[in-house]
Amino acid sequence: MSNTTLPEAIELEYQRIRDILAQSAIILQQQAANWEAIQQASADTDHKFQETDRQFKETDRQFKETDRKFKETDRKLARLENLFETQWGRLMESLVDGDLVPMLRQRGILVTDTTCRLRGQRADGGNFEFDIVAHNGLDVVVIEVKTTLRPDDIRKFLSKLKHIKQWIPRYQANRLYGGMAWLTTTAGADIMLQNRGLFSIRATGNSASILNPSDFSPRTW
């Protein structure tokens with residue numbers, strides 16, 4: 001049988017309740033601190049995400065700016081290349097034009113004079129241009145000048161020769177020959193010239209020469 005009186009029992013129960021409440025208060029404070037830490041961490045994470053997004057946007061902007069500069073550089077290089085090709089091509093035209101008549105006469109084509117940059121308009125409204133045309137009233141030799149000769153250049157030139165009598169009716173009764181003058185070639189274009197029956201003229205130093213063998217028989221149109 002317990003010796004604890006009723007008031008003492010009540011006091012002990014109150015003390016136990018106070019202890020429970022005190023422990024609960026400590027737990028709530030700890031939870032509140034944890035929640036505050038979580039909120040702070042979330043805010044820090046959100047800030048980091050925003051900073052990362054800003055950096056990504058800045059990187060994207062820099063990439064776009066770099067791409068713009070590359071494109072502008074490409075445009076400038078293309079203009080410079082075109083200027084070089086144009087100026088060098090005209091120099092080559094002058095060089096080839098000066099040697100063309102004697103070179104062709106040595107091959108039995110007795111041309112007497114040349115015309116540079118023969119231009120005109122086709123019946124369909126398009127334009128045509130031929131770099132050098134040598135003639136004598138019967139024979140016509142059309143020469144296209146390229147600083148670097150490629151197979152595709154030859155194919156395009158052959159297409160032009162196919163239509164020249166249609167574009168320039170005064171040549172209908174003429175014997176028509178073709179040739180290409182070049183400084184360098186790629187992909188065997190110099191061999192392709194001869195296989196297609198065209199004169200292959202190489203510009204070297206301050207002169208030009210026909211590379212076709214002496215027994216070469218040029219194609220006529």
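The values are calculated or read from the model by the stated rules, or taken from the named source; none is laboratory data. Since this is a predicted model, take the numbers as computed values, not measurements. We place every Cβ from the backbone using ideal geometry, glycine too, and count neighbours over all the protein chains shown.
Key figures for this structure:
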quantity	calculated
Any hit, segment 184-195, residues being within 20 Å of residue 128 (Cβ to Cβ) and either of a type outside the set (Ser, Thr, Tyr) or not in a loop (DSSP other than H, G, I, E, B) (or both)	no
Which listed residue is within 36 Å of the chain's Cα centre (by Cα), among the β-branched types (Val, Ile, Thr) and on the phi < 0 side of the Ramachandran plot, from 109, 154	154
Residues of segment 189-219 classified as at pLDDT 90 or above, hydrophobic (A, V, I, L, M, F, W, C) and buried (at least 18 other Cβ atoms within 10 Å of the Cβ), total	7
Condition met for residue 202 (among the basic types (Lys, Arg) and either more than 18 Å from residue 131 (Cα to Cα) or assigned to a loop (DSSP other than H, G, I, E, B) (or both))	no
Selected residue (criterion: surrounded by the most Cβ atoms within 10 Å (Cβ to Cβ)) from residues of segment 118-163 that are of a type in the set (Lys, Arg) and under 18 Å from residue 182 (Cβ atoms)	146
Cβ-Cβ under 9 Å pairs, at least 6 apart or on other chains, segment 107-123 side touching a residue at least 12 places away in the same chain (Cβ under 8 Å), far side of a type in the set (Ser, Thr, Tyr) and surrounded by fewer than 11 Cβ atoms within 10 Å (Cβ to Cβ)	107/214
Residue in segment 166-188 that is modelled with the highest pLDDT, counting only those that are buried (at least 17 other Cβ atoms within 10 Å of the Cβ) and polar (S, T, N, Q)	174
Scope segment 3-37; condition at pLDDT 75 or above and among the charged types (D, E, K, R); matching residues	16, 18, 19, 36
Cβ pairs under 7 Å, 6+ apart, first in segment 136-159 and more than 23 Å from residue 112 (Cα to Cα), second loosely packed, with under 13 Cβ neighbours inside 10 Å and of a type in the set (Gly, Ala, Ser)	150/187; 151/187
